[in-house]
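All remarks here apply to the structure that follows.
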Amino acid sequence: MTVIDDISDVPTPDAKLAPLLEVRDLHVEFHTRDGVAKAVNGVNYSVNAGETLAVLGESGSGKSVSAQAVMGILDMPPARIPKGEILFQGRDMLKMSGEERRKIRGRKIAMIFQDALSSLNPVLSVGYQLGEMYRVHQGLSRKDAKAKAIELMDRVRIPAARERVGDYPHQFSGGMRQRIMIAMALALEPDLIIADEPTTALDVTVQAQVMELLAELQAEYNMGLILITHDLGVVADVADKIAVMYAGRIVEDAPVHDIYSKPAHPYTKGLLQSIPRLDQKGQELYAIKGLPPNLTRIPSGCAFNPRCPMAQDICRTDVPQLHPVGTARGSACHFWKETLGE
Amino acid sequence: MGRYVIRRLLQMVPVFIGTTLLIFVMVWGLGDPVAAMFGDRTPDPATAAQIRHDLHLNDPLIQQYWIYMSNVFKGDFGNAWNQQPVTDLLKTAYPVTLRLTIVAFLIEAIVGVALGVFAGLRRGRFFDTGVLAMTLIVVSIPTFVTGYVLQYFFGVKWSIVHPSVGEGAPFKDLLMPGLVLAGVSLAYVARLTRTSVAENTRADYLRTAVAKGLPRRRVITNHMLRNSLIPVVTFLGTDIGNLMAGALVTERIFNIHGVGYQIYQGIVHNSPATVVGFVTVLVIVFLLANLLVDLLYAVLDPRIRYA
Ligand SMILES: Nc1ncnc2c1ncn2[C@@H]1O[C@H](COP(=O)(O)OP(=O)(O)OP(=O)(O)O)[C@@H](O)[C@H]1O
Ligand code: SF4
Ligand SMILES: [Mg+2]
């Protein structure tokens, strides 16, 4: 009767074809004293194994909140997920029990945070914090877990790992701390890593090294990677595709080379023009005028319309849907053709 | 860690000298101890002069302090007004007061932290609001009022406990005085713990712990509590002095013959040896308690240990 037993282990055809992670029409809102802040308003994206999706956008556009919803670490309340699906290996995680989701965290999906100093526990040694992954998820002894922790620290190229395993987070440099965060995410060889601005808090020189390490490990383990950033410069080298977020929505979604050569959304265009470039040294840097909207009062129509140089009347009344642009990309702009054509 | 301990020990020396010297000077200003010895009688001038000389009362104050302290470190605290050695008084009074302080400290630490943790984890809910209201009430009523009220109801009216503490101050008699003594501090500990827990539940490192897939229990005990208790431990440490001072008041309410009683007797009978002796030991106990807390603090927080 082994045949029947095996059935549960065979992935359903759906799961085999489905992307590793697919987020569908995700909404997240925060109930605050000043009203309901609609932080995420219908986000769609997907990542496959071995693929890197970069999520771009200004501060407050909902990049972290959507990632935390995927991770299942939002504080609810104040957060609420009124709508959406988060399919991981074909199963909707929003329908799982708390315990089921906990077992996915760390084992199958891991997260790296921006500020490693505050994200590591200040009163526990890094060896303890790394080893904890094995002790909790795999039931390893303290001693074996420590050996694994040293192995991990070697993996992310922390010098003298054996001597430093008992050290505390504040005794490491910023770059080394972020390596420890990466090591922690990598510990159980997850299928997907979400990195929320992993290099923003670091020196420029260290940024490149950490990004390189992350990309290298991702390739080695064939993991999916969601890389959140508001730095377009970082993205070009590592990402396969890009999702640009504005006011809680994806406004443009495209393979990386398409976006750099021909943005199909005025907001993406503005972001690209605001990157400092060597050949334009001395020139004043372009900045998108105005500020991101207050999330309790998102403008009607296209949320970007008060800041958009191309806005027309229709932009103030009709919400633009994500129009397909060619095969693998989309733009949520009524005038995407005009934007491309210029 | 060893260097940290040595540094802390060395820091205690000037504090010890400063406080004892201060109390020495103050007590010296109380009046003439020789006259007090003779009570209503006028002493024979020659005898008085002899006693003054024997007690080094004619030497400069700083020299008297030096002689006194060298004797103290030889175990000689001098004699009280009734010629009883002060060391005898110390031996009977200190265990009583220390026991009262320890009972109060344990109540304060255990109950205060427990209330604070549960309130902090249930912010804004019924339990939390209850703790906040209760602690506010406790803080705003003076200790001697709570003391006399509890003594009347539990001790006199309902006869649940002894209204005063029996011979030898057994632990069960000390529970109520301990609770009265702990009251206000307990309220502060509960509030401080609550705030600290509430702050730490929002900390980034706690989000990481959840993202690691740790069970909630472990997130709370291994990650959140240890960080939250750091400020609480500091407060508990500095509060030991407070408790000892409060113990002197509580002793009066419950008629406990401890340190407070002896110092009071010393002042009434103008006996510098009693007062200075008791206060000196008080300072030593206080410094040692603080050292202990600092060490615990360093154990809890590696950022201090390696600073
Ligand atoms: N706990 C919360 N309560 C209320 N509002 C929140 C909460 N967390 C996030 N928000 C709101 O959600 C919005 C989106 O925040 P999010 O952190 O996702 O932005 P982001 O795109 O990651 O920006 P950044 O680049 O600054 O990290 C913000 O406007 C923020 O104010
Ligand atoms: S829809 Fe209109 S306002 Fe929005 S980005 Fe396109 S042109 Fe600008
Ligand atoms: Mg963010």
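The values are calculated or read from the model by the stated rules, or taken from the named source; none is laboratory data. It should be emphasised that the depicted structure is a prediction, and the values quoted were computed from it without experimental measurement. Heads up, the Cβs are rebuilt from the backbone with ideal geometry, glycines too, and the neighbour counts pull from every protein chain shown. SASA here: full protein model, heavy atoms, side chains in, ligands and nucleic acids out. Shrake-Rupley method; radii C 1.70, N 1.55, O 1.52, S 1.80 Å.
Details
- Counting only protein heavy atoms and a probe of 1.4 Å, the accessible surface of segment B:87-305 is 70% carbon and sulfur.
- With Cα atoms, 0 to 90° folded angle of helix A:142-155 axis to chain A main axis: 50
- Per-pair calculated FRET efficiency, R0 = 30 Å: B:Y152 and B:R122 via Cβ, rounded to 0.05: 0.30
- Cα-based shape type of segment A:23-108, given that a ≥ b ≥ c are square roots of the gyration tensor eigenvalues and the cut on a/c is 1.5: oblate
- Amide H to amide H, with H built 1.01 Å from N, A:V28 comes under 5 Å of A:A39, A:V40, A:N41, A:G42, counting only residues 5 or more places away or on other chains.
- A cut-off of 5 Å between modelled amide H atoms, ignoring neighbours fewer than 5 places along the same chain, links A:I250 with A:N44.
- Each stretch of four or more DSSP H residues adds -39500 (n - 2.57); spread over every residue of chain A, this sum gives -10000 deg cm²/dmol at 222 nm.
- For the pair segment B:85-147 and segment A:182-243, the centres of their Cα atoms are 51 angstrom apart.
- Degrees separating the helix B:61-73 axis from the principal Cα axis of chain B, which is the longest one: 70
- Positive contributions from Lys and Arg (+1) and negative ones from Asp and Glu (-1), summed over other residues with Cβ under 11 Å from the Cβ of A:A149, come out at +4.
- Per-residue mean of foreign Cβ neighbours for A:121-128 is 5 (Cβ atoms of other chains, 10 Å radius).
- B:I62 contributes about 110 Å² of solvent-accessible surface, heavy atoms of the protein only, 1.4 Å probe.
- Ranking A:E252, A:E163, A:E51, A:E100 from most to least accessible surface, computed with a 1.4 Å probe over the protein chains only, gives A:E163, A:E100, A:E51, A:E252.
- DSSP bridge orientation in chain A - percent antiparallel, rounded to nearest 5: 60
- Against chain B, whose longest principal axis is taken from its Cα atoms, helix B:272-300 shows a tilt of about 20°.
- Of the residues A:H170, A:V244, B:V232, the one whose Cα sits farthest toward the positive end of the charge dipole of the protein assembly as shown, with +1 on the Cβ of Lys and Arg and -1 on the Cβ of Asp and Glu, is B:V232.
- With R₀ set to 22 Å, the beta-carbon distance separating A:R162 from A:A208 gives a calculated FRET efficiency near 0.20.
- Cβ-defined net charge surrounding A:K241, 12 Å radius [Lys, Arg +1; Asp, Glu -1]: -4
- Taking every residue in A:134-141 and counting other chain Cβ atoms within 10 Å of its Cβ, the average works out to 1.
- If both residues of a DSSP beta bridge must be in segment A:162-258, then about 55% of such bridges are antiparallel.
- Share, in percent, of DSSP beta bridges within the protein assembly as shown that are antiparallel, nearest 5: 60
- Taking all protein chains as they are arranged and a probe of 1.4 Å, the heavy atoms of A:H170 leave approximately 70 Å² accessible to solvent.
- Normalised per residue, the accessible area of segment B:87-305 is 46 Å², obtained with a 1.4 Å probe and no contribution from ligands, DNA or RNA.
- Heavy-atom accessible surface that A and B bury in contact, both chains counted, 1.4 Å, Å² to 100: 2200
- Model label zone, B:R8; criterion: amide N under 19 Å from point 7 Å along Cα-to-beta-carbon; scope segment B:251-286: B:283-286
- Accessible surface ranking that places the most exposed of B:W66, B:W81 first, with a 1.4 angstrom probe: B:W66, B:W81
- For A:F335, no residue has an amide H sitting under 5 Å from its own, ignoring neighbours fewer than 5 places away on the same chain, with H placed 1.01 Å from N.
- Estimated at the nearest 10 Å², the accessible area of B:L175 is 100 Å² with a 1.4 Å probe.
- GNM flexibility winner over chain B from B:T42, B:T97, B:T20 (Cα, springs under 10 Å): B:T42
- Chain A, accessible surface, carbon-and-sulfur percent (1.4 angstrom probe): 51
- Burial order of peptide ranges A:194-205, B:8-19 (average beta-carbon count within 10 Å, highest first): A:194-205, B:8-19
- Farthest toward the positive end of the dipole of the protein assembly as shown, out of A:P255, A:N121, B:M26, is the Cα of B:M26, where the dipole comes from beta carbon charges about the Cα centre.
- Taking a ≥ b ≥ c as the square roots of the eigenvalues of the Cα gyration tensor, the protein assembly as shown is prolate, since a/c reaches 1.5 or more and a/b is larger than b/c.
- Partner aspartates and glutamates for A:K148 [C-alpha distance under 16 Å; skip if fewer than 8 residues away on the same chain]: A:E132, A:E163, A:D167, A:E189
- Shape of segment B:87-305 from the C-alpha gyration tensor: oblate (a/c of 1.5 or more and a/b not above b/c, with a ≥ b ≥ c the square roots of its eigenvalues).
- 32 Å Cα-Cα threshold exceeded, pairs from A:K38/A:K289; A:K95/A:K337; A:K103/A:K269; A:K262/A:K289: A:K95/A:K337; A:K103/A:K269
- The HN-Hα couplings worked out from phi for segment A:105-118 by the Karplus form 6.51 cos²θ - 1.76 cosθ + 1.60 (θ = phi - 60°) are 4, x, 7, 10, 10, 10, 10, 10, 9, 5, 9, 5, 5, 7 Hz, whole numbers, x standing for Gly and Pro.
- The alpha-carbon of B:K91 sits under 24 angstrom from the alpha-carbons of these lysines, leaving out residues fewer than 8 places away in its chain: B:K74, B:K172.
- Per-residue mean of foreign Cβ neighbours for B:211-222 is 6 (Cβ atoms of other chains, 10 Å radius).
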